[in-house]
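Before any comments, here is the structure.
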Amino acid sequence: MRIVADENRDRMIVVALREAGHDVLSVRESEKGRDDAYIFDLARTECRVVLTSDLDFGRLCEHQFPHPPAIVVMHLDRISRHTRAKRIVELLRVVSNIDGHLLIVEPSRIRIRAFPGGLGIESCKAERS
């Protein structure tokens, strides 16, 4: 899976996702200081899932942009960094077709919501072909 990890995601999560075979662009490593709108657009144009703890990304998708990326919001601050990394790697291993959806990951549940008109990354890939 192609992922852009927001600046607020720690290195342990980025490393764990890369070790699991994901293509992870870390904002902290290469795009530090960029605003949410830039990262959102980067995810849309590069067909990446946004991994963040910032709910503002979900609000950007409410404006019915064509092909919104999947947004995975982590609300896992009360568990250890190692457990957070493990939980996200496992989630991305088992979920399918999250394109155009907001996933809010909490310690005891995962909430999933489709964005308005959200065809998401799959249609982005098809459009680029």
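Table for the structure above
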read-out	value
Strands (runs of 3 or more DSSP E) wholly inside segment 1-79 that include at least 1 residues being over 22 Å from Arg109 (Cβ atoms), open to solvent by less than 10 Å² (accessible area, probe 1.4 Å) and modelled with pLDDT of 85 or more	2-5, 23-26
Hits in segment 1-21 - residues which are under 15 Å from Glu46 (Cβ atoms) and out of contact with any helix residue (DSSP H, G or I) (no Cβ under 7 Å at 6 or more places or on another chain)	Arg2
Residue that is modelled with the lowest pLDDT [pool: residues in segment 89-119 that are over 12 Å from the mean Cα position of the chain (by Cα) and on the phi > 0 side of the Ramachandran plot]	Gly117
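The values are calculated or read from the model by the stated rules, or taken from the named source; none is laboratory data. Owing to the predicted nature of the structure, the values given are computational and were not obtained by experimental measurement. Cβ: placed from backbone, ideal geometry, glycine included. Neighbour counts: every protein chain shown. Protein only, heavy atoms only, side chains kept; ligands, DNA and RNA dropped before computing areas. Shrake-Rupley method; radii C 1.70, N 1.55, O 1.52, S 1.80 Å.
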